[in-house]
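So the structure is just underneath, and the comments pick up after that.
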Amino acid sequence: MVDDDPADVLLAQMALDELNAPVKVEVSHDGVRALARLKNGPTPDLVLMDMNMPALTGLGVLLKLGHTLRGTRVVLWSSGWKAQDEPAVMAAGAEAYLRKPTHYSDLLALLKSLTQGTR
């Protein structure tokens, strides 16, 4: 998970705990650290990344990676979701570009759908 908002990270971790999701979660709080991790570490099964972060956006991370995450599901999300951003996000290699859920029950449903079948 890549997100600069500690509250969003905490809520997602709480939701994953509640779901008993069979996942190991690593968190990067900015795009620069996420880029380094994704270039140098083992490739994760899923990356859930905030679109709008200071220094390097989620889209910026994907563009710098240049489609090197084949086999990894990448989902960008944003509380400031804009439809006009979706084509660039998808062309950069994301599986989806979503609006961040505003209700905890919606976050649970989203994370359940994203983590089904992951390890």
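Things worth noting here:
- Between Arg73 and Ala55, the modelled labels are 2.9 nm apart [label points 7 Å from Cα along Cα→Cβ].
- The share of accessible area on the range 9-83 that comes from carbon and sulfur is 56 percent, using a 1.4 angstrom probe.
- Counted as membrane-span-like here are DSSP H helices of the chain whose alpha-carbon atoms extend 27 Å or more along the helix's own axis and whose Kyte-Doolittle mean is -1.0 or above; there are none.
- Percent of alpha-carbon pairs separated by more than 20 Å within the range 1-94: 32 percent
- Accessible surface, 1.4 Å probe, highest first, among residues Met90, Met49: Met90, Met49
- What the chain shows is 55 Å² of accessible area per residue, with the surface traced by a 1.4 Å probe over protein heavy atoms.
- Shape of the range 33-81, Cα gyration tensor, a/c cut at 1.5: prolate
- What you get for the chain, charging only the Cβ of Lys and Arg (+1) and of Asp and Glu (-1), is a dipole of about 440 debye around the Cα centre.
The values are calculated or read from the model by the stated rules, or taken from the named source; none is laboratory data. Predicted model only: the values in this text are computed from it and were never measured. In this analysis, Cβ positions are derived from the backbone assuming ideal geometry, glycine residues included, and neighbour counts consider all displayed protein chains. The accessibility values were calculated without ligands, DNA or RNA, using every heavy atom of the protein model including side chains. Shrake-Rupley method; radii C 1.70, N 1.55, O 1.52, S 1.80 Å.
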